1. Among the numbered criteria (1) under 29 Å from B:Asn107 (Cα atoms); (2) more than 9 Å from chain B (Cβ to nearest Cβ); (3) out of contact with any Ser or Thr (no Cβ under 9 Å at 6 or more places or on another chain); (4) among the basic types (Lys, Arg), which single criterion is violated by A:Arg126?
2. Please work out which one of (1) assigned to a helix (DSSP H, G or I); (2) over 18 Å from the mean Cα position of the chain (by Cα) is the condition B:Gly55 fails and give its number.
3. What about B:Gly29, is it loosely packed, with under 12 Cβ neighbours inside 10 Å and touching a residue at least 60 places away in the same chain (Cβ under 8 Å)?
4. Would you pick out the residues in region B:22-53 that are more than 24 Å from A:Val94 (Cα to Cα) and within 11 Å of chain A (Cβ to nearest Cβ)?
5. Of the residues that make up region B:70-87, is at least one under 24 Å from B:Lys177 (Cβ atoms) and either among the aromatic types (Phe, Trp, Tyr) or assigned to a loop (DSSP other than H, G, I, E, B) (or both)?
6. For B:Gly120, which of the numbered conditions (1) at pLDDT 95 or above; (2) surrounded by fewer than 21 Cβ atoms within 10 Å (Cβ to Cβ) fails to hold?
7. Look at region A:131-150 and say how many of its residues are under 21 Å from the mean Cα position of the chain (by Cα), part of a helix (DSSP H, G or I) and not aliphatic (A, V, I, L, M).
8. So which pairs qualify, if the first residue must be in region A:75-101 and touching a residue at least 60 places away in the same chain (Cβ under 8 Å), the second must be among the charged types (D, E, K, R), the Cβ gap must be under 8 Å, and the two must be at least 6 apart or on different chains?
Amino acid sequence: MNRTPSPNSKAERGPRLSAKAERGPRVERPLRRASGGEGRAHRGSDGRVRWCAPLLALLLSIAPALAVEPAEMLSDPALEARARTISRELRCVVCQNESVDDSPAEVARDIRRAVRERLVAGDTDRQVLDYMVARYGDYVLLNPPFKARTWALWLGAPLVLLLGAAGLWVASRRRAAALAPPPLSEAEQARLDALIKPRD
Amino acid sequence: MRSNRALYLLPLMTLAIVAGFLGWSLVSGRDPASIGSALVGRPAPRLAAPSLRPGEPALGEALLHSGKPVLVNFFASWCTPCLAEQPLLERLAKKDGVTLIGIAWKNKPEEARAWLQRLGDPFAAVGYDLDGKMAVDWGLSGVPETFLIDAQGVVRLHFRAPILEKDVEDRILPLLKAGS
């Protein structure tokens with residue numbers, strides 16, 4: 001896809017990518033606020049509870065908001081757990097390095113829903129992933145599969161590491177050889193022998 | 001000592017390789033963010049959508065297996081690039097006699113209808129996919145997207161961007177001419 005069109009077409013393509021830009025993605029993200037803990041803490045006579053509860057409230061509020069809405073979830077906890085695992089492996093196609101499970105984008109929500117529908121229809125996890133790959137290509141997988149086109153991606157980094165380690169090893173061997181003193185000449189050896197020869 | 005001096009060239013060579021790759025990326029138009037089109041060469045996904053035109057039957061598989069190639073276009077009235085490609089679709093329908101099937105994606109039917117009324121309606125049949133359910137089956141990532149389905153119902157082209165005149169001239173029309 002070789003596209004280098006007029007300068008303003010880039011701006012035009014921006015909103016194409018998702019309905020997100022048009023519709024405000026944040027709306028989908030339920031705001032989870034920990035609440036209720038604090039009031040009780042002040043009433044408690046136990047000092048430990050007094051500071052524990054606000055701390056807990058704080059920690060809970062730090063927990064990231066879920067992109068998955070309660071209404072999307074399946075009633076069967078086992079299926080829902082599988083759906084979550086699968087959607088964590090799927091890449092949101094309109095985001096930057098975000099899984100479908102994390103993304104509030106509309107397309108991500110649609111894909112989450114499709115995953116659940118396939119699971120309910122009886123697909124295995126593998127089949128669901130294959131279904132998505134058939135439509136969005138390997139692009140949709142956060143973990144690219146190992147194949148002819150990706151071996152450099154998988155093996156490149158370890159290969160460079162190995163090469164570097166080999167280079168360092170060779171260099172250190174050479175340096176050790178360079179630092180070792182040169183062997184004694186004949187005259188030096190004779191002198192040394194004379195010096196260490198036990199006197200009778 | 002000489003071999004050590006050659007080592008000093010290593011960073012320079014690394015730089016040259018990286019620069020070469022970046023330069024090639026710039027010139028070749030390589031787009032790492034491009035999703036690509038996994039559907040090309042496969043049978044078209046299922047088409048099932050209620051018609052946008054009151055009183056017309058729902059859109060179904062028959063439309064993709066009429067023995068004629070069709071262009072399936074996903075659009076929305078809230079999508080500006082769709083506005084830009086609309087004249088080309090009109091032209092394809094009127095001047096080149098291409099059968100176009102439209103799907104309004106995540107678009108209220110009355111809004112999509114009003115939009116088509118205002119701009120002109122190039123579609124032989126037009127439906128809507130309000131919740132984007134069918135679109136996932138088509139591997140849609142946004143609008144506009146356009147698929148060329150051949151007479152055998154196989155996807156031949158997939159544009160994940162507004163189509164341009166050069167797409168029509170260089171890719172769509174040649175395939176249609178070769179097919180029919």
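The values are calculated or read from the model by the stated rules, or taken from the named source; none is laboratory data. Source: prediction; values computed, not measured. Cβ sites come from the backbone with ideal geometry, for glycine too, and all protein chains shown count toward neighbours.
1. Going through (1) under 29 Å from B:Asn107 (Cα atoms); (2) more than 9 Å from chain B (Cβ to nearest Cβ); (3) out of contact with any Ser or Thr (no Cβ under 9 Å at 6 or more places or on another chain); (4) among the basic types (Lys, Arg) one by one, A:Arg126 breaks only (1).
2. Result: B:Gly55 passes all but (1).
3. Values: loosely packed, with under 12 Cβ neighbours inside 10 Å: yes; touching a residue at least 60 places away in the same chain (Cβ under 8 Å): no.
In short, no.
4. B:Val27, B:Pro43
5. No, there is no match, as no residue in region B:70-87 is under 24 Å from B:Lys177 (Cβ atoms) and either among the aromatic types (Phe, Trp, Tyr) or assigned to a loop (DSSP other than H, G, I, E, B) (or both).
6. (1)
7. Of the residues in region A:131-150, 3 are under 21 Å from the mean Cα position of the chain (by Cα), part of a helix (DSSP H, G or I) and not aliphatic (A, V, I, L, M).
8. Once the first residue is touching a residue at least 60 places away in the same chain (Cβ under 8 Å) and sits in region A:75-101, its partners that are among the charged types (D, E, K, R) give A:Val94/A:Lys20.
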